[in-house]
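**Q** Quick one: this structure, given as structure tokens, is what I'll be asking you about.
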Amino acid sequence: MELAALKQDIKRLLIEELDLKHLSAEDIADDAPLFGDGLGLDSLDALQLAMALEERFGVAIPAGDEARAIFASVASIAAHLEAARQA
Amino acid sequence: MSRPERIAITGVGAISALGQGARASWRALLEGRRGIRPVRLFDAGGQHCSVAAEIDLRLEDVVPAAERQEWSRSDGLALIAAREALADARLAAGAAGLSIAIGGTTGGMFEAEAVLSTLEQTPAEDRAVQRLLSYPLSTTGERLARVLGPVERVATVCSACSSSASAIGQGAAWIEQGRARAVLAGGTDGLCSLTFTGFNALGALDAAPCRPFDAERAGLSLGEAAAFLLLEPESAARARGARVYGWLSGWAIAAEAHHITHPEPTGETAARLLHAALGRAGRTPGEVDYVNAHGTATRHNDAMEWRALDRVFGAELERLFVSSCKGQLGHTLGAAGALEAVMTVLALDQAMLPPTGGLTTPDPALPLRHVRGEGLAFGANVALSSSFGFGGTGCVLCFEKASLADRRPEAAPREPLVITGACCLGPGGVLEGVDCARHALPDETLDAGVGEVELDAARSRRFDRAARWVALGAERALASASLGPADVGLIAGSAYGNVERSVEFLRRVASRGPRFANPAEFPHLVPSAAAGNASIYLGLSGPVLTVSDLQTSGEQAFGVALDLLSLGLTSALVAGSAEPSDSVVAQVLAPLCTGRSEGRGEGAGFLVIERRQHVHGRGGRELAEVLRHEQAWSGGAERLIAEGSAPAAAERARVLVGTPGFDAGALLAGTRWADVPRLEVSERVGQHEAAGAMALCIAAALIGSGQIDHALVIGRSPGRIYVTELGAPARDPVSAP
């Protein structure tokens, strides 16, 4: 899958799985921080996101600090999925 | 002014993974034994954690033979513990004047799981559907009332993991008001796959038996239990020569209004609760010897709790002992508060402190005086027991040794309680204040419906319809009373909890496996989630509780609110109930539990109730005054109707019947209310379990708009009836002293 399409997919998954129905994919910049001051997501969302990404893309998200780095933005999630696919 | 009667604890009962019986559990606790083992009740394979504090229970040994298929594990556990508490107090079942206050979260979930996750394939007449009779939280209290009664009243309270501590507070409230001679107060929660899978999905469970306050603590261990205290006013206990274990001298309930799962990191609300319970007991932090902590062994809870203790006790923390029972008994959720209350009472009585099982390397960041390994011989005089739950409602109980003199301050003065705000969601849309009375006008066409509820999208993104309705109903009721949310609490009724959403969660687990259980969904499945979410959304930091009583859930919520206000625990509360449509309730639960299946509607009603001085202090306007509110079981209904004041002139009074299909004519015949015009509220607002709460709103609005002066609101669920009498507010308000 092309990277841009993957990022689009991730944004749609974020909106669907994290009940961000007040946002559209265009509202989420590739590099915008997702947690804390960014989209205002919390650790409950991180758990949900990890579960949903594994279900959709078959890629497990490691726990702890590693996950924090992966979940920094849509771009970093896409990079992790790409890396896992090529591994 | 005077002190209310002291609350004596004259009986204890418990069943836990460590033993059947309060003393068996207590002895095992002191020996340092741990009840956390591989789960056998259901398949816990493929999950990070597969251990829990499970009880070897043979339901058939406990349950009436003819009802074996209908009783849940939670019901059976409750009966064992309740019987023990009564026997321990040497009160015969059927002794006059018994009331029951019970807390829980799972009810009949274990029995319902298989049926609910395959509902489409199960015909309604199937025997298996009978298993769902135990699904509503109120069923346990109903069954205890039937087996152990006659009873005077029953309340079923849910505040997630503080549920049964809150129920003990409710029992105390009845005694302090002089309304009860004996209260079985406690709770029950059986293990089920839903909570096990859900807590696993949250990553909240330790794979090994849990380690409270340990540096390596990695989550909680679930468990199941039931526990009850038998509470009596001192005079009643003395009069019959009962043995007094100790006193329940103080209690406090309040909400964090912070987050659905995360405890407030500062520990501010927990500290407020510890202070408030001590204040009611008339004790200082320096007099406390022992704290039985919530101590779940999650990173966040234990750190929050330490901060709260540090705020309240400061340097005293080096002196007093702290322990958590959860490393041995597991976290028994809705039963935990009562189970730990029983252990705290026994600690005072036996002059022994239970250890913190599983603690090997105390977290240096949480310096506490722990009890390690085995029980410690120590004669504590004053002890606190803390409980905190999802949604942020906490409860702290203060217990004292039997030999201690009463130090409680004088009680808050009795004051009239008045209704100052109302909001109905129903066929008329969202109606506020005196507009709620439009539901009573025969020529009014009400077909707007509620439609989409507008809330701040980002802050309500996880809300289901129940949470939306409670948040909106409470918000608009407060707005109609011109009252802000600070220090206000919320008592919300819910007959069945959030069934549709639970079914979705269960089906997903059944089809995809526990690994794909929705972590963010799970915290919203506890019956108290809607009220918890609404309290967080609105910033309500007073007591936040959910009550469950089928068609009279709204009436019971109203009653619980009045109890808390009468005692001055808080000055203003929102109370009511919400029943947005739920397909599983409509198709299965309501027909099964109430026998009504046709033409189901949806609705909600919320009222603002205040102490009169509070209204005067802020210059608020009164809609109606609460003249009385009572619940009766076992044929006490006629007496209840007869006891009230005579109605005003018939055309200036109204009887409002909130319960669908309840013909109150026979009950009213021959009473002073027989000739008063009757309004069948459900014919106007729809047939659902919130019609009773809407009846209360409409009655207050009819009085507040000057259309009538006096109203009798009647509601009924099987075996019990509620009567509320509302009158016009005093025209010449008494000025503040």
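**Q** Does B:Pro38 qualify as being surrounded by fewer than 18 Cβ atoms within 10 Å (Cβ to Cβ) and in contact (Cβ under 8 Å) with a residue 24 or more places away in the chain?
**A** Details: surrounded by fewer than 18 Cβ atoms within 10 Å (Cβ to Cβ): yes; in contact (Cβ under 8 Å) with a residue 24 or more places away in the chain: no.
Judged against the criteria, B:Pro38 is not a match.
**Q** Here's another thing I want to ask about it. Please indicate, with yes or no, whether at least one residue in region B:64-80 is at pLDDT 90 or above, in a helix (DSSP H, G or I), among the basic types (Lys, Arg) and assigned by TED's automatic domain parsing to the domain that holds B:Leu222. Break it down stepwise before answering.
**A** Applying the first criterion (at pLDDT 90 or above) to region B:64-80 yields B:71-80.
Restricting the remaining residues to those that are in a helix (DSSP H, G or I) gives B:73-80.
With the extra rule that they be among the basic types (Lys, Arg), the set shrinks to B:73.
Of the ones still in play, those that are also assigned by TED's automatic domain parsing to the domain that holds B:Leu222 are B:73.
Yes: one or more hits.
**Q** Could you list all residues from region A:43-79 that are more than 14 Å from chain B (Cβ to nearest Cβ), polar (S, T, N, Q) and either over 9 Å from the mean Cα position of the chain (by Cα) or more than 16 Å from A:Leu20 (Cα to Cα) (or both)?
**A** A:Ser76
**Q** Return the residues of region B:613-628 that are farther than 22 Å from B:Ile698 by Cβ and crowded, with 16+ Cβ neighbours inside 10 Å; say none if nothing qualifies. Can you show your working first?
**A** Looking only at region B:613-628, we keep the residues that are farther than 22 Å from B:Ile698 by Cβ, and these are B:613-614, B:616-619.
Those that are farther than 22 Å from B:Ile698 by Cβ and crowded, with 16+ Cβ neighbours inside 10 Å: B:Gln613, B:His614, B:His616.
**Q** Of these, B:Arg507, B:Arg461, which one is among the basic types (Lys, Arg), assigned to a helix (DSSP H, G or I) and at pLDDT below 95?
**A** It is B:Arg507.
**Q** Can you confirm whether A:Ala84 is surrounded by 12 or more Cβ atoms within 10 Å (Cβ to Cβ) and in contact with a Gly (Cβ under 9 Å, 6 or more places away or on another chain)? It would help to see each step written out before you state the result.
**A** Details: surrounded by 12 or more Cβ atoms within 10 Å (Cβ to Cβ): yes; in contact with a Gly (Cβ under 9 Å, 6 or more places away or on another chain): yes.
The answer is yes for A:Ala84.
**Q** Take the conditions in contact with a helix residue (DSSP H, G or I) (Cβ under 9 Å, 6 or more places away or on another chain), at pLDDT 95 or above, buried (at least 23 other Cβ atoms within 10 Å of the Cβ) and not in a helix (DSSP H, G or I) and apply them to B:Leu144. Does it pass?
**A** Numbers: in contact with a helix residue (DSSP H, G or I) (Cβ under 9 Å, 6 or more places away or on another chain): yes; at pLDDT 95 or above: yes; buried (at least 23 other Cβ atoms within 10 Å of the Cβ): yes; not in a helix (DSSP H, G or I): no.
No: the conditions fail for B:Leu144.
**Q** Considering only residues that are facing another protein chain (nearest Cβ under 9 Å) and of a type in the set (A, V, I, L, M, F, W, C), look in region A:20-38 and name the one that is surrounded by the most Cβ atoms within 10 Å (Cβ to Cβ). If you could, list the steps in order and put the result at the bottom.
**A** We begin by selecting, within region A:20-38, every residue facing another protein chain (nearest Cβ under 9 Å); these are A:20-23.
Cutting the leftovers down to of a type in the set (A, V, I, L, M, F, W, C) gives us A:20, A:23.
On the way: A:Leu20: 20, A:Leu23: 16.
Filtering region A:20-38 for residues that are facing another protein chain (nearest Cβ under 9 Å) and of a type in the set (A, V, I, L, M, F, W, C), the one surrounded by the most Cβ atoms within 10 Å (Cβ to Cβ) comes out as A:Leu20.
**Q** Could I ask something else about it? Given the structure, is B:Gly223 closer than 25 Å to B:Val151 by Cα, away from every other protein chain (no Cβ under 14 Å) and crowded, with 24+ Cβ neighbours inside 10 Å?
**A** Values: closer than 25 Å to B:Val151 by Cα: no; away from every other protein chain (no Cβ under 14 Å): yes; crowded, with 24+ Cβ neighbours inside 10 Å: yes.
In short, no.
**Q** Return yes or no: is B:Phe199 within 23 Å of the chain's Cα centre (by Cα), on the phi < 0 side of the Ramachandran plot and within 14 Å of another protein chain (Cβ to nearest Cβ)? Full working, then the answer.
**A** Numbers: within 23 Å of the chain's Cα centre (by Cα): yes; on the phi < 0 side of the Ramachandran plot: yes; within 14 Å of another protein chain (Cβ to nearest Cβ): yes.
Yes; evaluated as a whole, the condition is true for this residue.
**Q** What number goes with the only condition from (1) over 27 Å from B:Leu538 (Cα atoms); (2) touching a helix residue (DSSP H, G or I) at 6+ places or on another chain (Cβ under 8 Å) that B:Arg299 does not pass?
**A** (2)
Yes or no, residue by residue, for (1) within 28 Å of A:Ala50 (Cβ to Cβ); (2) more than 14 Å from chain A (Cβ to nearest Cβ); (3) touching a helix residue (DSSP H, G or I) at 6+ places or on another chain (Cβ under 7 Å):
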site	(1), (2), (3)
B:Asp464	yes, no, yes
B:Tyr496	no, yes, yes
B:Ala517	yes, no, yes
B:Ala520	yes, no, yes
B:Pro523	yes, no, yes
B:Pro527	yes, yes, no
B:Ala531	no, yes, yes
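The values are calculated or read from the model by the stated rules, or taken from the named source; none is laboratory data. Note that this is a predicted model, so its numbers are computed, not measured. All Cβ positions, even for glycine, are placed from backbone atoms using ideal geometry, and neighbour counts span all protein chains on display.
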